[in-house]
Amino acid sequence: MPIHAPAVPPATWARIRDAGHHVFATNAWPKASMSAIAKRAGVSKALLFYHFETKQALYLSLFHDALEFLHERKLAWNLDEEQDLFAAVERTIEFRIAMMAEVPHLFRFLAAAYRETHEEVRAPLDAARKQVEIDTFDRLTHTLDRARLRHPDELPTLLRIITLAAEGFVQRHEAAIFDDGIAALATFRAILDSLKRHYYRPDFLEPGPPSKTLPEAP
């Protein structure tokens with residue numbers, strides 16, 4: 001049972017969770033109704049309000065539960081053991097593609113939550129996302145091998161650039177990523193390769209393709 005959900009029987013919570021993911025992912029906050037969630041979950045609206053006094057309470061329970069689920073799966077993938085920044089990013093991409101295939105509704109819900117701007121939920125969502133970002137940056141700055149960078153003190157800057165690039169890319173190509181994550185992320189991998197060649201020391205770079213020799217002038 002997730003710590004952010006009230007004492008809901010596991011089977012009932014699973015139906016509410018799946019219904020909530022769908023309704024909140026496909027509707028903006030004002031149009032996502034508790035009635036629609038109750039109907040899709042096969043429970044009464046009264047039962048839903050018994051366990052979750054407000055729509056906000058349900059929404060935030062779903063949001064934190066999703067973050068906890070992904071955190072537990074990340075631990076199973078051993079994502080924190082990689083010391084090379086770009087290898088760690090590549091593993092994270094593989095993880096996200098796998099999770100998008102396994103729990104697509106959860107990922108669509110989180111994507112919608114990160115875009116949600118309604119005043120009833122924006123502040124707690126921003127606070128939760130900020131905390132995740134702080135925890136991630138703190139973990140990476142203590143795990144990654146700075147010696148691979150041309151300038152080791154630029155690691156925080158590079159992390160910020162990759163984070164912003166990833167957020168912008170996902171927002172612009174969200175539909176394509178859900179349709180075919182591997183193909184859609186090929187362009188983002190090219191961005192990462194460019195950053196790696198700019199920030200990494202030459203002895204930590206794989207040799208690039210051989211340069212073409214221009215024909216001699218006649």
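The values are calculated or read from the model by the stated rules, or taken from the named source; none is laboratory data. Computed from a prediction, not measured in an experiment: that's the story for all the values here. Here Cβ is always computed from backbone atoms with ideal geometry, including for glycine, and neighbour counts include all displayed protein chains. In case anyone asks, the SASA skips ligands and DNA or RNA and just uses the protein heavy atoms, side chains included. Shrake-Rupley method; radii C 1.70, N 1.55, O 1.52, S 1.80 Å.
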If you take the residues in region 61-88 that are at pLDDT 90 or above and in contact with a helix residue (DSSP H, G or I) (Cβ under 6 Å, 6 or more places away or on another chain), which one is nearest to residue 154 (Cα to Cα)?
86
Would you confirm whether any residue within region 131-140 is open to solvent by 70 Å² or more (accessible area, probe 1.4 Å), farther than 21 Å from residue 69 by Cα and without any contact (Cβ under 8 Å) to a residue 40 or more places away in the chain?
no
Going through 213, 187 one at a time, which residue ends up being modelled with pLDDT under 85 and more than 16 Å from the chain's Cα centre (by Cα)?
213
Please indicate, with yes or no, whether at least one residue in region 96-115 is over 17 Å from the mean Cα position of the chain (by Cα), modelled with pLDDT of 90 or more and not aliphatic (A, V, I, L, M).
no
Give region 102-130 a look and list any residue that's within 16 Å of residue 69 (Cα to Cα) and open to solvent by 80 Å² or more (accessible area, probe 1.4 Å), or say none.
102, 105, 108
Restricting to region 146-197, what's the tally of residues that are part of a loop (DSSP other than H, G, I, E, B) and loosely packed, with under 14 Cβ neighbours inside 10 Å?
3
Checked region 57-80 for anything without any contact (Cβ under 8 Å) to a residue 60 or more places away in the chain and over 14 Å from the mean Cα position of the chain (by Cα); matches are 57, 58, 61, 62, 75, 76, 77, 78
Output the number of the condition that residue 117 fails; it satisfies all remaining conditions of (1) closer than 26 Å to residue 107 by Cβ; (2) part of a helix (DSSP H, G or I).
(2)
Which of the numbered conditions does residue 139 fail, given that it passes all the others? Conditions: (1) at pLDDT below 90; (2) not in a helix (DSSP H, G or I).
(2)
Looking only at residues that are over 27 Å from residue 205 (Cα atoms) and among the hydrophobic types (A, V, I, L, M, F, W, C) in region 69-97, which one is least open to solvent (accessible area, probe 1.4 Å)?
70
Output for region 6-43, where each listed residue is part of a helix (DSSP H, G or I), more than 26 Å from residue 100 (Cβ to Cβ) and open to solvent by 40 Å² or more (accessible area, probe 1.4 Å):
30, 35, 39
Go through region 48-68 and give me each residue that's part of a helix (DSSP H, G or I) and open to solvent by 60 Å² or more (accessible area, probe 1.4 Å).
49, 50, 56
